1. Just to be sure I understand the filter: pairs with C-beta atoms under 6 Å, separated by 6 or more residues or on different chains, first member in region 33-50 and without any contact (Cβ under 8 Å) to a residue 40 or more places away in the chain, second member not in a helix (DSSP H, G or I). Which pairs pass?
2. S137 versus (1) within 21 Å of D221 (Cβ to Cβ); (2) surrounded by 15 or more Cβ atoms within 10 Å (Cβ to Cβ): which is the lone unmet condition?
3. I need a count of the residues in region 119-134 that are out of contact with any strand residue (DSSP E or B) (no Cβ under 7 Å at 6 or more places or on another chain), closer than 15 Å to E89 by Cα and either surrounded by fewer than 22 Cβ atoms within 10 Å (Cβ to Cβ) or in contact (Cβ under 8 Å) with a residue 60 or more places away in the chain (or both).
4. Scanning for something touching a residue at least 12 places away in the same chain (Cβ under 8 Å), of a type in the set (A, V, I, L, M, F, W, C), part of a helix (DSSP H, G or I) and closer than 26 Å to P102 by Cβ, does region 136-158 turn up at least one residue?
Amino acid sequence: MSSKVKAYRSPETVPAFLFDLDGTLVDSVYQHVLAWREALERAGTRLSVWRIHRRMGMSGGLLVNALLRETGHSLTPADERHLQEWHAEAYAKFRSQVRPLPGAIELLECLSLAKVPFAIATSGLMASARPALDLLSLKSSTPIVTRDQVRHAKPDPDLFLAAAQRLGVSIHNSIVVGDSVWDLLAARRARALGVGLVSGGYGQDELEKAGAYRTYEDPLDLMNHLDEVGVRIPKSA
C-alpha cells in the first residue's frame, strides 16, 4: 500500500509582497535627490547631493529634519511650509526621465499570474507618486499606500502594516522589498521579512546590515530568484 501523503498548500504558505516604489520599482531616486537639493537651495540651504541621498527612503519631513540636524542649518517657518511644494515643482521637471526599473513590470505580472498578493507602500505623497505608479501598468485593484494615508512614514512600520492590512494578510507572512536601509528598518520593526535591491544606490552590505534576508540587483534579478524567498512560480504562470 502506498504511504504517500498529499501535501496541502494553504494560502498562508504563500508570502505577500509589500514593495517600496522609488528605487525599488521605478528608477527615480536620483531625480528626487536633485529635486530636494533644488528645494533646499530655494530655502537658502546648500547641501551636497550625497548627503541627501543617504536619507532617501524616509518621508520628506524626516529627511529634511535629519539633514538640517546634521548640518546645523535651519529654515524659516515660511520655508518649512513651502518645502514640499518646492520639491514637487522641482521633481516635475525631472519626471520625464523616470523609467520602470528592469524587470519591474514583468515581476508584478508574474506575481499576478501566480496569484501571489502584493501591494505598494511609498513614503511619497499620492500626488507625487501617481506618475511613477502609472508607469507600472498596475491593475486598479492593486493596493497602494502613500505617506498621506498613514500617521508615520519610514523608518516607522506604518506604511507596510497598512499595506498588509489592505491585502488582508498577516505582516508576519509578508516580504518587504525595498532599496534603502530605511525600508529594511521599517520591515524589521513590522516583523516582516526584508529583501533589499541595490537599484536605489545603497550597497549590499548596508542593506544586509539593516536586515535584508537576501539582496538583489533590481526587480529582474529578484524575479529570477523568487524561489530563494519562498515563492514557487508554476511553469504555466
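1. Once the first residue is without any contact (Cβ under 8 Å) to a residue 40 or more places away in the chain and sits in region 33-50, its partners that are not in a helix (DSSP H, G or I) give T45/H73.
2. (2)
3. Total meeting the criteria: 6.
4. Within region 136-158, none of the residues are touching a residue at least 12 places away in the same chain (Cβ under 8 Å), of a type in the set (A, V, I, L, M, F, W, C), part of a helix (DSSP H, G or I) and closer than 26 Å to P102 by Cβ.
Conditions (1) at pLDDT below 80; (2) in contact with a strand residue (DSSP E or B) (Cβ under 8 Å, 6 or more places away or on another chain); (3) closer than 29 Å to L207 by Cα; (4) not assigned by TED's automatic domain parsing to the domain that holds E38, marked per residue:
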| site | (1), (2), (3), (4) |
| --- | --- |
| I52 | no, no, yes, no |
| R55 | no, no, yes, no |
| G60 | yes, no, yes, no |
| S74 | yes, no, no, no |
| P77 | yes, no, no, no |
| R81 | yes, no, no, no |
| E85 | no, no, no, no |
| E89 | no, no, no, no |
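The values are calculated or read from the model by the stated rules, or taken from the named source; none is laboratory data. Keep in mind it's a predicted model, so treat the numbers as computed, not measured. With ideal geometry, Cβ positions are generated from the backbone for all residues, glycine too; neighbour counts draw on all protein chains shown.
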